[in-house]
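Working notes, beginning with the structure itself.
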Amino acid sequence: MERFAFLVYRLSIMSINQIRKKGGSYMHRLFEKRRSVREYKARAVDQSLINDLIETIKSKPGLVEGIDIEFVFLKEGEKIHGMLDGQVGYYGKLIEAPHYFAVLSENKKGSLMNAGYMVERFNLMATDMGLGTCTIEVPEDTAEIKETLGIGSEMDLMVLLALGYAKKERKVSNIYDTMLKGSLSPLTELGYPEIDPEYSKEPVSSRLAVDEIVFIGEWGAKVDMEELQRRGVDEVFYYMRLAPSWGNRQPWRFILDGTRIALLMQSGCQGISGKIEKIEAGIAMLYLELAMAEKGMSGSWSIDGGNNDYKLPEDYYVVGYFES
């Protein structure tokens, strides 16, 4: 079989505390510009831009220390599509793109959340560079896919990423549609908007209100905006409403617990695998961390539910705590 060109970029993930975050309104603007792209121009991305993207990602911290992750660049998208169409994507239909990345990770505690966190970093940075991406779900057993791609790594294949220049975009009024007819993967959708790249402050009417996702002390104890403003986190939770999730179902909630913020995730949703659930948790953790850092409250995550007295419903659990 004719092989295609690919490059392996191995990232030894650094501690969050080893990287100094940038301030300003940059991340808030980037969150609103973020889009998932399902149609791409045939134009190839220049290798120098690919290299710049990889170097940027390599400089970013991971969620969990000690987990190696690989971004394998699959340059010849047309060949990749011919090889994998029917094996991955929504009902086996793979989105067509000029390039793909295969994201692999060591199988350790927290690896799925770490992968979600790093993949979304990649997506945000690609957006910042004017590129479109799409996260594509892969089956649990990926040995056959790795063999098809000629990837000899023993690491787990977490997701595929489509990469290229967007062929078209939807306007802001439609950016938060739920699972769309013809969507190519549950993770393809992930709630990401395909929006005009210009910044917009239009309201996100289809999302839950801030006081529906943030509690204080225990489940159901709503916090008013004055308290959030006093703590300096009112904008943080506004932008958490933009964090992507499959079908825009917003499976996370937050509890303000003293100086900590507890992240809660919903489990057992119909049609949502445990793998997707953990990847989504990692994405939410990245958004909260970046939003907090932009408000001058850099901190770190501890991934440990532990014991709590939050009076949670049966379908929610504590993922971890953010403390600045």
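The table below lists the values:
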item	result
Identity of the residue in segment 110-162, assigned to a helix (DSSP H, G or I) and of a type in the set (Ser, Thr, Tyr), that ends up nearest to Glu32 (Cα to Cα)	Thr127
Leading residue by the ranking (nearest to the chain's Cα centre (by Cα)) among those in segment 242-287 that are of a type in the set (Val, Ile, Thr) and under 20 Å from Pro61 (Cβ atoms)	Ile283
Some residue of segment 3-11 being farther than 20 Å from Glu96 by Cβ and either buried (at least 16 other Cβ atoms within 10 Å of the Cβ) or modelled with pLDDT of 70 or more (or both)	yes
In segment 217-246, residue modelled with the highest pLDDT [restricted to those that are under 19 Å from Tyr321 (Cβ atoms) and of a type in the set (Phe, Trp, Tyr)]	Trp219
Of all residues making up segment 85-107, the number that are assigned to a loop (DSSP other than H, G, I, E, B), among the β-branched types (Val, Ile, Thr) and out of contact with any Gly (no Cβ under 9 Å at 6 or more places or on another chain)	0
Pick from segment 67-95, criterion surrounded by fewer than 19 Cβ atoms within 10 Å (Cβ to Cβ) and within 21 Å of the chain's Cα centre (by Cα), ranking: nearest to Ser300 (Cα to Cα)	Asp68
Complete set of residues in segment 62-82 that are of a type in the set (Asp, Glu) and outside any strand (DSSP E or B)	Glu65, Glu76, Glu78
Residue that is farther than 22 Å from Ile276 by Cβ and surrounded by 20 or more Cβ atoms within 10 Å (Cβ to Cβ), where the choices are Tyr40, Tyr117, Tyr100	Tyr40
Selection count, segment 271-291, where residues are within 19 Å of Phe237 (Cα to Cα) and in contact with a strand residue (DSSP E or B) (Cβ under 7 Å, 6 or more places away or on another chain)	5
Number of the condition not met by Thr178 [criteria: (1) modelled with pLDDT of 90 or more; (2) of a type in the set (S, T, N, Q); (3) within 18 Å of Arg34 (Cβ to Cβ)]	(1)
Any hit, segment 45-66, residues being of a type in the set (Lys, Arg), touching a strand residue (DSSP E or B) at 6+ places or on another chain (Cβ under 9 Å) and surrounded by fewer than 14 Cβ atoms within 10 Å (Cβ to Cβ)	no
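The values are calculated or read from the model by the stated rules, or taken from the named source; none is laboratory data. Worth saying up front: this structure is predicted, and the values here are computed from it rather than measured. Please note: Cβ atoms are built from the backbone with ideal geometry, for glycine as well, and neighbour counts cover all protein chains shown.
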